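The values are calculated or read from the model by the stated rules, or taken from the named source; none is laboratory data. All values reported here derive from a predicted model rather than from experimental measurement. Here the Cβ positions follow ideal geometry from the backbone for every residue, glycine too, while neighbour counts run over all protein chains shown.
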Amino acid sequence: MQIIFMLRSYLLDKLIFDQYDILETKNNRKCYEALKDKDKKDQQIITQQLLRTASLFEEIRKFRGKIMTYDATAKKEISEILTEHDFFQRASWTAKNRLLSAIPY
């Protein structure tokens, strides 16, 4: 009789444990699926951000190239303007000095 009672107790414990295990597995599966979906969405967001970052990086690279070209062009034009300014300033001083030296005091 005691063996039957122990067997029933064991089977009842096993049934309770199995039910708990099934519920725990379902809960774990539900949590896993939720995390999996969130991870998938996050990966898509990261991929989109990476593509956007790459696109912006390329635009920045192009703009830097344009800026460097404009900078070189501007420096060249400024240099030419300064050269012309110096030339005309020297010519003006030379003409002024010649005129002043030609005038008797």
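Points worth noting:
- Selected residue [part of a helix (DSSP H, G or I), modelled with pLDDT under 85 and surrounded by 10 or more Cβ atoms within 10 Å (Cβ to Cβ)] from LEU11, LEU82: LEU11
- Condition met for GLU33 (within 41 Å of the chain's Cα centre (by Cα), surrounded by 10 or more Cβ atoms within 10 Å (Cβ to Cβ) and of a type outside the set (A, V, I, L, M)): yes
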